[in-house]
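Here's the structure, in structure tokens; my notes come after.
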Number of protein chains: 2
Amino acid sequence: MKPKKRTTIYDIAEKLNITASSVSRALNNSNHVNEETKKLILKTAAELNYKRNVLASNLRKGQTKTIGVVVPRINQNFFSNVIAGIEETTYSKNFNLIICQSNESHEKEIKCINALINQHVDCIVISVAIEGTDYSHLQNVIDHGIQLIQFDRVADEIETLKVINDNEQATFEAITHLIDQGYKRIALLEGPQTLNIFRQRKEGYLKALNKHKIPVIDELIIENAWTKELGAEATRKLLSLPEPPDAIFASTSDFSALGVLEVATSMGFKVPTELGILGYANEPFTELTSPSITTIDQFSQYMGKTIANLYFQESENKDTTVVPRTISVKPKLIVRASTSRK
Amino acid sequence: MKPKKRTTIYDIAEKLNITASSVSRALNNSNHVNEETKKLILKTAAELNYKRNVLASNLRKGQTKTIGVVVPRINQNFFSNVIAGIEETTYSKNFNLIICQSNESHEKEIKCINALINQHVDCIVISVAIEGTDYSHLQNVIDHGIQLIQFDRVADEIETLKVINDNEQATFEAITHLIDQGYKRIALLEGPQTLNIFRQRKEGYLKALNKHKIPVIDELIIENAWTKELGAEATRKLLSLPEPPDAIFASTSDFSALGVLEVATSMGFKVPTELGILGYANEPFTELTSPSITTIDQFSQYMGKTIANLYFQESENKDTTVVPRTISVKPKLIVRASTSRK
DNA sequence: CTGAAAGCGCTTACAG
DNA sequence: CTGAAAGCGCTTACAG
């Protein structure tokens, strides 16, 4: 390894027989420094391969230009797209991103949050884990004066900036589409009702049925079917009923819908004629299955950008307090073969 | 917003009528401090909701416990899995991860690297962008005394720790499999030969043909077919030849293979009987297409863990210089329907 | 076991 | 326009 000792502003100052103050000013492009010496300083800095020590700078300035992101899983399409969207915006503002994944564990989520507080990040962006009902760790973020932005899966009771999907409306339209296609016994695979997103999707489902005077049948509503395996299991049960459903809405994810499709196919049900299948999230694979799966696109990357922009917007008017508010992105129904029988 | 002023070790010291030195020692669990006072300090710290200022601590200690990661795209399955693997390990060691994406742009890659150097990260992990042939920015990392680990797409000439796939061997086995299945005119869709991975895959292809005394036919080798669109375009050309290939190896990615499949199907070629298709990366969708696509699994998450472990291993024996070396992970051929005609 | 002091590298109000 | 000095919050060798 080459020398670990890095050049500091003092090295530059010494070489040019000036003070570190001037060097610092030049490097920060202050105009309280002579144009000539500024040029000289910049030149010397380049020669000595100077890199600012951001730690020291941040410590002094009391801000880190860093945003922390906590998501359940980095390698899940929706989240990695949101992160990509955030990154795009923060990068252009010279901000850094620290990424943590909770792995759907409440305990790890708390640890991630604490690590980010320790890091003195300027903002924390989070989508909470499936686990957990106590959100005092989020309140703690706010108590430390750190901007908190929740997205997608949010804790309703913690008042912050929120960027969410209009899950209820999207679901309402999706179910209406099923009804338009002539489906009459529509089953719902629901996720843990502790999470806002799953409650809202259920709500949309109920409202759509109601609007069309279709009775809600309890045995067609299956709890906790939020993975491919659980979706498959639920489908096995549903399709074995004396009066099986003629459509299944996997409200939790496309993975769950995939489980539905596989079981339905193996049980000999024709999709979409005998069974309609509807997923959620527009995972890339949904257009590759046969038949392709109707689903709901969440504009994930756009959500990421929205989140980042929201932060920068807020941080610009420093003096005024942040008014907790919710930005709702309207998801889009993507109709494909699995529900098209007309 | 609540008070921005956070409690420091001085606040704790003042309250207990001791010095910050002792507080610091207690917080760092030093045993040069009385057990009783240590307990008292910890208790008080908790009461005051004290969070260490990691910036100050790092500045003083000269290490940040942070690893920077630069990948072409965060939201690409392979990379997000590698990141997830790295995260899992670094998290357990209380390290932070700063993530950047180059978006395949050489210029942005350089900016990311510089930002990470500024941040004084302890280690930089990178998979280089498609663009670019000059890797002096990587040398710069080393010159700053920062551990550099390259993975998957590496700059051969920069001597560092490297974690790669044995692309050549994997390809060799894949092509051998095609030959075993009776395919005789095997086309190659290759990626930019500036990247090691694509050179190695081509090498494996050539060696396998050679071994089986199958002539290499230039018109069956298509340059720069590394996206779905380019794969599709190449396939249109190949299948229109007077003597079209009976198999296509999309060495660049499964996305390219998907392009092949779609064009082949639309042109009326039967897969796998009339045309075999082989991809690379084992993207989740490859088992969902019809027919499912034979591909090569890169153990991406495992690679991530390997990278992180490598760093911690090296950082433990500080005094000895790091010996540049390469860890080669053996990818695995996943045989599916698109090449199974026996 | 505990304290006083220096210093990590920078920024910035205060003088001039 | 430039310098001297203080301070961000912590850690750690040096005394005692």
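The values are calculated or read from the model by the stated rules, or taken from the named source; none is laboratory data. Only a predicted model underlies this, so the values are computations on that prediction, with no experimental measurement involved. With ideal geometry, Cβ positions are generated from the backbone for all residues, glycine too; neighbour counts draw on all protein chains shown. The area values use the complete protein model at the heavy-atom level, side chains included, leaving out ligands, DNA and RNA. Shrake-Rupley method; radii C 1.70, N 1.55, O 1.52, S 1.80 Å.
Worth a mention:
- For segment A:178-324, lysine pairs with C-alpha atoms less than 29 angstrom apart, excluding pairs fewer than eight positions apart on the same chain, total 24.
- Among the listed pairs A:LYS43/B:LYS61; B:LYS5/B:LYS51; B:LYS162/B:LYS330; A:LYS93/A:LYS332; A:LYS93/B:LYS111; A:LYS61/B:LYS5, a Cα-Cα separation exceeding 18 Å is found for A:LYS43/B:LYS61; A:LYS93/A:LYS332.
- Mean-position separation - Cα centroids, segment A:263-291 and segment A:30-107, in angstrom: 43
- Compared with the dominant Cα axis of chain B, that is its longest principal axis, helix B:228-239 is turned about 20°.
- Residues A:SER136 and A:THR273, FRET efficiency given R0 of 51 Å [Cβ-Cβ distance, rounded to 0.05]: 0.50
- Cα lying deepest toward the dipole's positive end in the protein assembly as shown, options B:ILE164, B:THR176, A:GLN169, charges on Cβ: B:ILE164
- Residues considered: B:GLU283, B:GLU190, B:GLU157. Largest GNM mean-square fluctuation over chain B, using C-alpha springs under 10 Å, is found at B:GLU157.
- Mean accessible surface per residue for segment A:196-255, computed with a 1.4 Å probe while every protein chain stays in place, in Å²: 49
- The phi-based Karplus calculation (6.51 cos²θ - 1.76 cosθ + 1.60; θ = phi - 60°) puts the 3J(HN,Hα) values of segment B:326-332 at 10, 9, 10, 8, 7, x, 10 Hz, whole numbers, x for Gly and Pro.
- Rolling a 1.4 Å probe over the protein heavy atoms of segment B:9-52, with every protein chain left in place, gives an accessible area that is 48 percent carbon and sulfur.
- Student exercise, segment B:216-331 dipole from Lys, Arg, Asp, Glu Cβ charges, in Debye to nearest 20: 260
- Value of [θ]222 nm, deg cm²/dmol, for chain A, DSSP H segments ≥ 4, -39500 (n - 2.57) each, nearest 500: -13500 deg cm²/dmol
- Buried surface for the A/B pair, taken as the accessible area of each chain alone minus that of the pair with a 1.4 Å probe, is close to 5200 Å² in total.
- Under a 5 Å amide H cut-off, with hydrogens placed 1.01 Å from N, A:LEU188 pairs with A:ILE221, A:ILE222, A:PHE249 among residues at least 5 apart or on other chains.
- Cysteines in chain B that, by Cβ-Cβ distance, have no pairing candidate under 4.7 Å: B:CYS123
- Most fluctuating residue given options B:ILE142, B:ILE186, B:ILE217, as computed from a GNM of chain B linking Cα atoms under 10 Å: B:ILE217
- Using C-alpha pairs below 8 Å separated by at least 6 residues, the relative contact order for segment B:9-52 is 33 percent.
- With 20 Å² as the minimum drop in accessible area between chain alone and full protein complex (1.4 Å probe), the qualifying residues in segment B:120-157 are B:HIS120, B:ASN140, B:ILE142, B:ASP143, B:HIS144, B:GLY145.
- Calculated FRET efficiency, B:ASN28 to A:ASP180, Cβ-Cβ distance, R0 = 45 Å: about 0.10 to the nearest 0.05.
- Electrostatic dipole magnitude of the protein assembly as shown [Cβ: Lys, Arg +1; Asp, Glu -1; Cα centre; debye, to 20]: 1400
- Inter-chain Cβ neighbour average for residues A:74-87, partner chain, 10 Å: 6
- Shape category assigned to the protein assembly as shown from the gyration tensor of Cα positions, a/c cut at 1.5: oblate
- Point-to-point label distance, A:GLU316-B:GLU287, nm (Cα→Cβ direction, 7 Å offset): 4.8
- What segment A:9-52 shows is 67 Å² of accessible area per residue, with the surface traced by a 1.4 Å probe over protein heavy atoms.
- For segment A:153-221, the list of trypsin sites (Lys or Arg not before Pro) that fall in a loop by DSSP and count at most 10 other C-beta atoms within 10 angstrom reads A:LYS213.
- Counting Cβ atoms of other protein chains within 10 Å of each residue's Cβ and taking the mean over peptide A:55-65 gives 4.
- Placing a label point 7 Å from the Cα of A:ILE214 along the Cα-to-Cβ direction, the residues of segment A:169-188 whose backbone N falls under 12 Å from that point are A:172-188.
- GNM flexibility winner over chain A from A:VAL163, A:VAL33, A:VAL263 (Cα, springs under 10 Å): A:VAL33
- Label-point separation in nm, A:ASP166 to B:LYS93, each point 7 Å along Cα→Cβ: 4.8
- Here segment B:239-290 exposes an accessible surface that is 54 percent carbon and sulfur, computed with a 1.4 Å probe and the other protein chains kept in place.
- Projected label distance in nm at A:LYS61 and A:THR326, using a 7 Å step from Cα toward the beta-carbon: 3.5
- Taking the charge dipole of the protein assembly as shown about its Cα centre, with +1 at Lys and Arg Cβ atoms and -1 at Asp and Glu Cβ atoms, the residue from B:PHE95, A:TYR302, B:THR289 reaching farthest to the positive side is B:PHE95.
- Assigned charges on the beta-carbon of Lys, Arg, Asp, Glu; chain A dipole about Cα centre (debye): 1340
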